[in-house]
Amino acid sequence: MRHSTAHVMAAAVCRLFNDVRLDIGPATADGFYYDFDLSRRLSPDDFPAIEEEMSRIIADDLPFERLEMSRGDAEQMLKDAGQSYKLERLADIPADEPITIYRTGDFVDLCRGPHLKSTGQIKGFKLVSVAGSYYRGKESNPMLQRVYGIAAESPKEVKRLLALIEEAKKRDHRKLGKELDLFSIEDQVGPGLVHWHPKGARIRSVIEDFWRKEHYRAGYELLYTPHIGRGNLWEISGHLGFYKENMYSPMDIEGSDYYIKPMNCPFHIQIYKSSKRSYRDLPLRWAELGTVYRYEKSGVLHGLLRVRGFTQDDAHIFCTPEQIFDEVRLAVRFARGMLRAFGFTEVSAYLATRPDKAVGSDERWKQAMDSLENALKSESIPYEEDKGGGVFYGPKIDMKIKDAIGREWQLSTIQFDFNEPERFEMSYIGEDGKEHRPYMVHRALMGSLERFFGILVEHYAGAFPLWLAPEQARVLPLTENQQAYSDSVAKVLRDADLRVTVDSRSEKINAKIRKAQVEKVPYMLIVGPKEVEAGSVAVRKRSGGEQGMMLLKEVVTLLKDEETSKKTGV
């Protein structure tokens with residue numbers, strides 16, 4: 001239905017404007033888009049006319065007719081119509097696949113399908129935005145105009161989706177990041193390079209401290225590795241052969257090429273190889289918050305969600321074949337527990353299986369697949385099989401969460417690697433006294449701190465739970481007469497390792513309360529003459545809930561209890 005609505009939109013655009021050249025118009029999770037090359041710039045002001053024409057096409061209940069053509073006939077048809085982009089798409093279709101055309105009234109499109117029987121089956125739609133999009137995603141290609149829309153089975157569902165879009169706009173981490181002074185990306189420094197402001201850095205510090213503590217509890221050891229490495233290292237790892245376009249240019253150091261790292265794994269392997277390993281040493285679970293740099297085209301950069309420099313929550317597990325089942329199960333359980341601690345309770349997964357071209361024996365692939373699948377089943381995590389979706393060097397699990405407004409995000413990954421242990425000739429001495437190849441598993445729980453933080457901002461709409469909030473409480477004196485006592489209140493809370501500030505501005509108390517609410521501070525501690533005399537504070541929550549007058553030790557207990565309960569996911 002969504003794809004059919006994309007065709008109806010394209011038909012409407014072709015009716016309304018001259019010399020329209022078409023590219024692609026796929027369905028998306030909740031709607032569709034179509035890419036156009038037009039002589040004039042489209043804007044939301046054009047949407048009512050396009051929607052009106054779409055409604056006419058739907059009211060005419062035109063059939064979607066599927067026609068098979070010879071490659072030559074299709075080529076001639078597209079040439080006659082001046083559809084140069086479609087001609088290039090035609091050339092992409094494998095020789096053994098049929099060439100299919102879909103006709104809807106006077107609109108004809110090269111398309112694989114499938115479609116509805118007729119346009120009258122489309123029940124609800126709305127155009128929502130237009131943006132630039134490079135043809136085939138390459139900056140050297142022409143910029144096309146991509147018009148986005150939503151489609152649903154009823155007008156009521158369209159309204160719900162529109163409300164969701166509006167809510168997503170309010171939660172946009174780029175907007176909230178600026179309003180709450182969390183981070184920025186400065187043109188003077190470069191796109192895709194993140195500056196963490198004090199408040200954002202506070203949250204990051206809390207996340208990192210929690211991450212380290214949980215990793216030590218889970219039996220991991222933490223590593224630190226260099227930011228650059230010799231070209232030879234990246235040749236052995238295969239990055240220069242398979243990933244060079246995503247790596248930054250080398251620097252010459254004393255006649256050798258050095259590359260800034262796009263991955264941490266080759267460094268962890270070097271640490272493994274620094275000593276002879278026995279089966280008694282395994283498993284080794286090594287984790288690092290390792291900052292890496294990857295070239296991303298400017299057109300795909302998106303706030304914190306797609307950047308060029310980021311810190312991976314990275315880990316590698318080295319183990320024997322006999323240990324792999326337990327190690328994967330523990331990794332899945334660990335990932336789920338971490339996600340729950342941050343408030344993500346709905347977790348599902350994709351299980352990506354062996355592609356046609358792969359390294360590693362059939363026996364290893366089967367053992368890896370069984371361990372991944374059994375781990376998901378043992379933890380009762382629903383999953384879909386992504387047949388052939390594994391990479392050539394191993395199968396993987398991608399774990400997804402749903403945020404507060406129901407959007408899915410892929411976060412944790414557990415990835416087998418049969419390639420690098422071979423390339424780096426890794427080994428351990430087995431019980432038989434002979435050398436054996438270890439199993440290697442790449443594992444990330446949050447993915448990258450930048451992307452994870454962006455998702456957290458949107459999940460909580462900037463109103464972080466107490467344990468994550470950069471500022472857990474703000475002391476609000478009524479007048480400057482309470483300033484000294486307010487400072488002493490802040491010291492008591494800071495001594496209890498709570499994050500607190502004092503609003504010393506000469507503003508009325510209502511203005512101070514409004515500012516704290518706008519800045520989403522969880523607790524406001526109001527101090528007037530009565531509170532000073534009683535050695536207490538008047539406690540107010542950011543939601544507006546009055547907690548009444550409390551002694552300082554009661555406030556500390558209240559905040560510490562809430563902080564602890566959120567940390568454990570209670």
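The lone criterion from (1) without any contact (Cβ under 8 Å) to a residue 60 or more places away in the chain; (2) within 24 Å of residue 160 (Cβ to Cβ) left unmet by residue 2 is number (1). Within segment 270-280, if we keep just the residues that are open to solvent by less than 70 Å² (accessible area, probe 1.4 Å) and in contact (Cβ under 8 Å) with a residue 40 or more places away in the chain, the residue that is nearest to residue 319 (Cα to Cα) turns out to be 279.
The number of residues in segment 532-557 that are within 34 Å of the chain's Cα centre (by Cα) and open to solvent by 50 Å² or more (accessible area, probe 1.4 Å) comes to 3. Can you name the residue in segment 126-161 that is touching a Lys or Arg at 6+ places or on another chain (Cβ under 8 Å) and among the hydroxyl-bearing types (Ser, Thr, Tyr) and is also modelled with the lowest pLDDT among such residues? By that ranking, first place goes to 133. Condition check: in contact with a Ser or Thr (Cβ under 8 Å, 6 or more places away or on another chain) and of a type outside the set (Lys, Arg). Does residue 132 satisfy that? No: the conditions fail for residue 132. The set of residues in segment 333-357 being touching a strand residue (DSSP E or B) at 6+ places or on another chain (Cβ under 8 Å) and without any contact (Cβ under 8 Å) to a residue 40 or more places away in the chain consists of 355 alone. Considering only segment 57-80, I want to know if a residue exists there that is free of Cβ contacts under 8 Å to residues at least 40 places away in the same chain, open to solvent by less than 50 Å² (accessible area, probe 1.4 Å), part of a loop (DSSP other than H, G, I, E, B) and more than 14 Å from residue 7 (Cα to Cα). No, segment 57-80 has no match at all. Within segment 364-382, the residues that satisfy the criterion of being over 19 Å from residue 420 (Cα atoms) and open to solvent by 70 Å² or more (accessible area, probe 1.4 Å) are 374, 377, 380, 382.
Yes/no matrix, rows are residues, columns are (1) under 15 Å from residue 11 (Cα atoms); (2) assigned to a strand (DSSP E or B):
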residue	(1), (2)
101	yes, yes
108	yes, yes
120	yes, no
129	no, yes
133	no, yes
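Of all residues in segment 3-37, those that are under 20 Å from residue 101 (Cβ atoms) and in contact with a Ser or Thr (Cβ under 8 Å, 6 or more places away or on another chain) total 7. Among the residues of segment 5-26, the ones that are open to solvent by less than 50 Å² (accessible area, probe 1.4 Å) and in contact with a helix residue (DSSP H, G or I) (Cβ under 7 Å, 6 or more places away or on another chain) come to 10 in all. Residues in segment 23-42 that are of a type in the set (Ser, Thr, Tyr) and in a loop (DSSP other than H, G, I, E, B): 28, 39.
Listed by position, the strands (runs of 3 or more DSSP E) contained in segment 161-279 that have at least 1 residues being within 21 Å of the chain's Cα centre (by Cα) form an empty set. Residue 505 meets each of the listed conditions (1) surrounded by fewer than 16 Cβ atoms within 10 Å (Cβ to Cβ); (2) in a helix (DSSP H, G or I); (3) among the charged types (D, E, K, R) apart from (2).
Count, please, the residues in segment 280-289 that happen to be part of a strand (DSSP E or B) and among the charged types (D, E, K, R). Number satisfying all stated conditions: 2. Name every residue in segment 329-363 that is crowded, with 21+ Cβ neighbours inside 10 Å, in a helix (DSSP H, G or I) and aliphatic (A, V, I, L, M), in order of residue number. Scanning segment 329-363 gives 331, 332, 335, 338, 339. Of the residues making up segment 294-325, just one is surrounded by fewer than 20 Cβ atoms within 10 Å (Cβ to Cβ), touching a Phe, Trp or Tyr at 6+ places or on another chain (Cβ under 7 Å) and in a strand (DSSP E or B), namely 309.
Screening residue 422 on (1) surrounded by fewer than 16 Cβ atoms within 10 Å (Cβ to Cβ); (2) at pLDDT below 95; (3) farther than 30 Å from residue 277 by Cα shows it passes everything except condition (3). Does segment 430-451 contain any residue that is buried (at least 19 other Cβ atoms within 10 Å of the Cβ), of a type in the set (Phe, Trp, Tyr), touching a helix residue (DSSP H, G or I) at 6+ places or on another chain (Cβ under 6 Å) and modelled with pLDDT of 95 or more? No, there is no match, as no residue in segment 430-451 is buried (at least 19 other Cβ atoms within 10 Å of the Cβ), of a type in the set (Phe, Trp, Tyr), touching a helix residue (DSSP H, G or I) at 6+ places or on another chain (Cβ under 6 Å) and modelled with pLDDT of 95 or more.
From the list 513, 455, the lone residue that is of a type in the set (A, V, I, L, M, F, W, C) and open to solvent by 10 Å² or more (accessible area, probe 1.4 Å) is 513.
Whenever a residue of segment 192-212 is closer than 16 Å to residue 462 by Cβ, its partners that are open to solvent by 20 Å² or more (accessible area, probe 1.4 Å) and in a helix (DSSP H, G or I), lying with C-beta atoms within less than 7 angstrom and at least six residues away or across chains, give the pairs 196/204. The test for being open to solvent by 50 Å² or more (accessible area, probe 1.4 Å) and more than 12 Å from residue 7 (Cβ to Cβ) holds for residue 95.
The values are calculated or read from the model by the stated rules, or taken from the named source; none is laboratory data. Nothing here was measured: the structure is a model prediction, and the numbers come from that model. As a convention, Cβ positions derive from the backbone with ideal geometry for all residues, glycine included, and neighbour counts pool all protein chains shown. The protein model used for the area step is the full one, side chains on, heavy atoms only, and it has no ligands, DNA or RNA in it. Shrake-Rupley method; radii C 1.70, N 1.55, O 1.52, S 1.80 Å.
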